[in-house]
Amino acid sequence: EFSLSCGVRLLEFFHTPFPPPEYVRELLAALGRMAKYPFMNDASISLCRTLFRIVHILLGNMKNNISIGKSEKTWLLIDDYIRNHIHERITRKETAASFKLNQSYLSELCREKTGRGFNEFVREHRLSRAAAMLSMNLTIDEIAFRCGFENTSYFIRLFKKKYGKSPGKYRLE
């Protein structure tokens, strides 16, 4: 797993069996710098990151003579859907319906690709996004809401469990 910190501590994760080449790191760093410009909105940044991620995976698979299968393509789409809708209510049932999948298959695919259940995977994304957003000038309530948590107390409890400290203390460090 490779992570890159750019701009306002935004994190991008590549779940691939090989580290990204230098040109991908440079592209993401440039994108992080561009994020400060007013014409770059969240959607533009997200689309660019997704494109870099897919190109990186495809190039790596070509390099290793591995063809990307249907389940890998499906999972990439689901993962990007979750990342782009993290502020909304995301359920297994609705996600499966969006991709015309059986709920059980979605759970199986998630566990195969991430080693975690669907709800746990979504929760991890929410908490990672929240940790990145703590460097912004937002209240804890705003961050919880923007990361899809309906209850701030529940968000704080989960955050503390994952990071060992409250969001407020995490922000200070």
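The values are calculated or read from the model by the stated rules, or taken from the named source; none is laboratory data. Note that the structure is predicted; figures quoted are calculated from it, not measured. Here the Cβ positions follow ideal geometry from the backbone for every residue, glycine too, while neighbour counts run over all protein chains shown. These area figures cover heavy atoms from the full protein model, side chains too; ligands, DNA and RNA do not enter into them. Shrake-Rupley method; radii C 1.70, N 1.55, O 1.52, S 1.80 Å.
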For the stretch 147-156, Karplus couplings with θ = phi - 60° (6.51, -1.76, 1.60), whole Hz, Gly/Pro x: 9, x, 8, 7, 10, 5, 4, 5, 4, 4
Sequence-separation-based contact order of the stretch 71-173, relative, with Cα cut under 8 Å and 6+ spacing, percent: 23
Cβ-based net charge around LYS113, under 10 Å, with every Lys or Arg adding one and every Asp or Glu removing one: -2
Exposure of LEU127 as accessible area (Å², to 10), given a probe of 1.4 Å and all protein chains: 10
Per-residue HN-Hα couplings for the stretch 79-91 [Karplus 6.51, -1.76, 1.60; θ = phi - 60°; Hz; x = Gly/Pro]: 4, 5, 4, 5, 4, 7, 10, 4, 7, 9, 6, 10, 10
Per-selection Rg to Rh, the stretch 70-173 - Cα, Kirkwood hydrodynamic radius: 1.02
Full-stretch length increase - ARG146, PHE99 - with 0.36 nm per residue and alpha-carbon distance subtracted: 14.5 nm
